[in-house]
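Below is one structure, written out as structure tokens, with a few remarks after it.
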Amino acid sequence: MAGFGIGAVAAIMGVAGGELLIPMIVLLFGEDIKTAGSLSLLVPRVWCRFGCQETGRQYITA
């Protein structure tokens with residue numbers, strides 16, 4: 001649910017979601033700022049991995 005909220009606010013403001021992700025992690029989950037920064041860097045890596053995997057699959061089967 002927090003991800004949907006971050007995405008909606010980011011889309012309205014015209015900014016990247018990462019700018020809102022760190023404050024949300026700190027405020028909602030009570031993590032310190034260093035942990036929140038590390039987690040905000042981890043999220044795009046996960047999505048990039050799956051995106052690259054799917055793109056590779058499309059080229060291999062084409």
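Observations on the structure shown:
- Residue among ILE60, ILE25 that alone is open to solvent by less than 60 Å² (accessible area, probe 1.4 Å) and not hydroxyl-bearing (Ser, Thr, Tyr): ILE25
- All positions within the stretch 33-47 that are under 19 Å from ILE6 (Cβ atoms), open to solvent by 80 Å² or more (accessible area, probe 1.4 Å) and at pLDDT 85 or above: ILE33
- Criterion violated by ILE12 - all others in (1) touching a residue at least 24 places away in the same chain (Cβ under 8 Å); (2) out of contact with any helix residue (DSSP H, G or I) (no Cβ under 7 Å at 6 or more places or on another chain) satisfied: (1)
- Restricting attention to the stretch 11-32, the residues that are part of a helix (DSSP H, G or I) and at pLDDT below 75 total 2.
The values are calculated or read from the model by the stated rules, or taken from the named source; none is laboratory data. Being a predicted model, the structure only gives us computed values, none of them experimental. So basically every Cβ, Gly included, is an ideal-geometry build from the backbone, and we count neighbours across all protein chains shown. Only protein heavy atoms, including side chains, enter the accessible area calculation; ligands, DNA and RNA are left aside. Shrake-Rupley method; radii C 1.70, N 1.55, O 1.52, S 1.80 Å.
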